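Colleague: Once you've had a glance at the structure underneath, I'll fire off some questions.
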Amino acid sequence: MPKYETSISNIDKWQHGFAYFTLSICWLLTFINKAQKKYLIAFLCIAFGIIIEVLQNELTSYRTGDYLDVLANTTGVLLGLVVFNQIYKKNLHN
């Protein structure tokens, strides 16, 4: 059988970041009336990303965990938290 070279560009990391940005924004907006829990929500989103990567590595034979995916996930969550804080502050002043 011929071997096919496969490569995944860094677009994968952007997709991870965007997915976790969206995840964190959705959860933060869901609990906007409990804004004091925003850091807990961000922590849980980051923990979810880490757990998923570990499970991918340990429980599947066709996927691998990647610390760069964890970094991209975490960056997405933190960016989501920053955007949420800006939206929340703006709404407080209006």
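Colleague: Could you work out the longest stretch of the chain that avoids the trypsin sites (Lys or Arg not before Pro) located in DSSP loops with at most 16 other Cβ atoms within 10 Å?
Modeller: My reading of the result: 4-62 is the longest stretch.
Colleague: How far is it, in nm, from the label point at L40 to the one at K89 when both lie 7 Å from their Cα along the line to the Cβ?
Modeller: 2.4
Colleague: A further question on this structure: Can you give the calculated 222 nm mean residue ellipticity of the chain, where each DSSP H run of n ≥ 4 adds -39,500 (n - 2.57) and the sum is split over every residue, rounded to the nearest 500 deg cm²/dmol?
Modeller: -26000 deg cm²/dmol
Colleague: What's the longest piece of the chain with no exposed chymotrypsin sites (Phe, Trp or Tyr not before Pro), counting a site as exposed if DSSP puts it in a loop and it has at most 15 other beta carbons within 10 Å?
Modeller: 63-94
Colleague: Taking Cα Rg over 2.2 N^0.38 Å as the quantity of interest, determine which of (1) 1.00; (2) 1.33; (3) 1.25 was computed from the displayed structure.
Modeller: Checked against the structure: label (2).
Colleague: Per the 1.4 Å probe, what fraction of the accessible area of the chain, in percent, lies on carbon and sulfur atoms?
Modeller: Using a 1.4 Å probe with all protein chains present, the chain comes out at 66 percent carbon and sulfur.
Colleague: Among L40, I51, Y20, flag the residue with its Cα farthest along the positive direction of the charge dipole of the chain, charges on Cβ as +1 for Lys/Arg and -1 for Asp/Glu.
Modeller: L40
Colleague: Hey, what's the chain come to in accessible area per residue, 1.4 Å probe, Å²?
Modeller: Here the residues of the chain average 78 Å² of exposed surface.
The values are calculated or read from the model by the stated rules, or taken from the named source; none is laboratory data. Computed from a predicted model, the values in this text were never measured in an experiment. Neighbour counts are summed over all protein chains in view; Cβ atoms, including those assigned to glycine, are modelled from backbone coordinates with ideal geometry. Calculation scope for accessible area: heavy atoms of the full protein, side chains included, ligands and nucleic acids excluded. Shrake-Rupley method; radii C 1.70, N 1.55, O 1.52, S 1.80 Å.
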